[in-house]
Every structure is written in structure tokens, then in C-alpha cells.
Amino acid sequence: MPKLYSGDLSPYSARVRMQIYAKGITDIELERPADFGMPSFRQRLPIGRIPVLDIDGDLMPESDVIAEYIEEVYPQPSLLGATPRETAHIRTLARIGDVYLMNNMFMLGPQSRAESRDQGIVDLLGGQVVRNVKALDKMIGTDGHAACGRLTLADCALVPALFLIENVLPGTGVENPVPKAANVAAWWAAIQTNEHAAKVLAELHRGLEERRELIRSGAFAKMMAAAKAAMDAAEA
């Protein structure tokens, strides 16, 4: 049985999990790799990130690649468009979520827990998030879905992106731009009532609370230091 190496708080994993839930796929097992972040994981997968789709030992990285693969192997119900142009629009919105929002939030996230913020990083990455939410507001659907009036890969990519913006961005001192973007705000309120989005959001919230507890207890800093030491030793 194929396995998706995933983690509750990984936004890139979340977009693939939402796709799996929406398509009703039951023969892909979800698993958090025990050695994630350690040299043994990077030996198997040099990129060292999740999600990874494990197909009988054939490891496929990158959430966007995995999502497209799943659409080809499990074509129904389709989360792409009915026409090439619709599909192009869906992929554009998904790319905004993945590259322009999630990637910036992923890099900005450590500033939310830093003892002393690097304001230059906050201004640069936070500014990009605000700017791209404004761009998304001009492109997103106005009927409760991101595109095509139904759940698509665009929704799957945007849900974890908006979760990070709502829950992590304010911790960096940057105001959440979503309430001022009327179309994005309306979509965000509507999509959270979707059962598949709600399931993924519950997982993300669970992961965030676990991470915050690890940070409060000091365990997270110890884990990161141990992982760095192991990686440094492996690369020496």
C-alpha cells in the first residue's frame, strides 16, 4: 500500500491530505516518518522535506508533483477543470497558495518565536504575503470555492496557506490581511464549512498546539539542536 509521509503541521502535506480526503482515497496510508529531520531521512530523500509519497520504496517528493500524480492515478472525482483553461486557472491559484503564500509564511514562521525578530525579514516576507493576498482577492471565486464552483486543487492548496496566515502571521507583528480582502475573506469563511477542509484544519490546529507546547516546555529547542548536531556529524 502506498504511504504518504506527512505531519499534522506541515502545510504542504495538508494540501495533499485534503486532496486524498476529497477524492475518497482509502489505499494511501498516512504516516509520519520516525526519522524525519535526521540524517537517515535525508539519505533516503536528499530534499529532506515532507510530504513524500512512498510507492513500494519509490519515493516521490514535492506536494505539487504528488498532487498531480494522484490526479492521474485517481482521476475521479476530478479536482481539476472541465477544460484546459479551467485547469490552468486552478493551477494558478494553487501556485499562489503554494509559492506566494505558503513559502513566504514557511520562511517567516521562525520570526514568530524568535527572541529578537529580524525586522528586515519580517518586512520583506510579511510584505509579500500581504501583497499576494491582495492579488488573490482579484482572482479567487466568489461562490464559496476558489474556482469552478466546486472543490478543486486550488482549495486544497489555499486552505493550509490561509491557516498559516491567520494563526502564525500575527505572531510576527504583521496584521492578518485576509479580513480586508473581501473575496478571500468570504471564501475562507465558506471553505471552512467543507468537511474535507475542516478535517485538515483540525489536523493543522492539533499540530500547532503540539508545536507550541514543545516550544513552551523547551523540548522543541532541544529537538532542533539534536537534529542539527546529527546532520552536522553526518556531513562532516
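The values are calculated or read from the model by the stated rules, or taken from the named source; none is laboratory data. Computed from a predicted structure; not experimentally measured. When we count neighbours, we look across all protein chains shown, and the Cβ atoms used for this are built from the backbone with ideal geometry, even at glycine. Note: areas computed on protein heavy atoms with side chains; ligands, DNA, RNA excluded. Shrake-Rupley method; radii C 1.70, N 1.55, O 1.52, S 1.80 Å.
Give me the helices (runs of 4 or more DSSP H) completely within the range 1-117, filtered to those with at least 2 residues that are acidic (Asp, Glu), ordered by residue number.
Result: 63-73.
Selection within the range 47-64: residues that are open to solvent by 50 Å² or more (accessible area, probe 1.4 Å) and in contact with a strand residue (DSSP E or B) (Cβ under 9 Å, 6 or more places away or on another chain). The member of this set that is nearest to ASP98 (Cα to Cα) is GLU62. Within the range 22-45, the set of residues being at pLDDT 95 or above and crowded, with 18+ Cβ neighbours inside 10 Å comprises ALA22, LYS23, ILE28. When ILE66, ILE55, ILE28 are screened for being aliphatic (A, V, I, L, M) and closer than 15 Å to SER10 by Cβ, only ILE66 passes.
Residues in the range 120-134 that are open to solvent by 40 Å² or more (accessible area, probe 1.4 Å) and aliphatic (A, V, I, L, M): ILE121, LEU124.
Which count do you get for residues in the range 119-167 that are farther than 19 Å from ASN104 by Cβ and of a type in the set (A, V, I, L, M)?
The total comes to 3.
Please verify whether the range 68-84 includes one or more residues that are in contact with a strand residue (DSSP E or B) (Cβ under 6 Å, 6 or more places away or on another chain) and either at pLDDT 95 or above or assigned by the TED database to the domain that holds VAL159 (or both). Scanning the range 68-84 turns up no residue that is in contact with a strand residue (DSSP E or B) (Cβ under 6 Å, 6 or more places away or on another chain) and either at pLDDT 95 or above or assigned by the TED database to the domain that holds VAL159 (or both). Condition first: out of contact with any helix residue (DSSP H, G or I) (no Cβ under 6 Å at 6 or more places or on another chain) and in a helix (DSSP H, G or I). Now tell me which residues in the range 168-182 satisfy that. Selection gives LEU169, PRO170, LYS180, ALA182. Listed by first and then second residue, the pairs with beta-carbon distance under 6 Å, at least 6 apart or on different chains, first residue in the range 167-179 and within 10 Å of SER112 (Cα to Cα), second open to solvent by 20 Å² or more (accessible area, probe 1.4 Å), are VAL168/SER112; LEU169/ASN176; PRO170/ASN176; GLY171/SER112; THR172/GLN111; THR172/SER112. Remark: pairs (first residue in the range 211-235, of a type in the set (Gly, Ala, Ser); second residue open to solvent by 60 Å² or more (accessible area, probe 1.4 Å) and not in a helix (DSSP H, G or I); Cβ separation under 8 Å; 6+ apart in sequence or on different chains) = ALA227/MET38; ALA230/MET38. Within the range 183-212, if we keep just the residues that are among the small types (Gly, Ala, Ser) and in contact with a helix residue (DSSP H, G or I) (Cβ under 7 Å, 6 or more places away or on another chain), the residue that is farthest from VAL168 (Cα to Cα) turns out to be ALA197.
Residues considered: ALA94, ALA114. Of these, the only one that is open to solvent by less than 70 Å² (accessible area, probe 1.4 Å) and at pLDDT below 95 is ALA114. When residues in the range 187-236 are screened for being open to solvent by 90 Å² or more (accessible area, probe 1.4 Å), of a type outside the set (D, E, K, R), farther than 30 Å from GLN43 by Cβ and part of a helix (DSSP H, G or I), 0 of them pass. Within the range 65-90, the only residue that satisfies the criterion of being under 19 Å from ASN132 (Cα atoms) and either under 15 Å from the mean Cα position of the chain (by Cα) or open to solvent by less than 20 Å² (accessible area, probe 1.4 Å) (or both) is ILE90.
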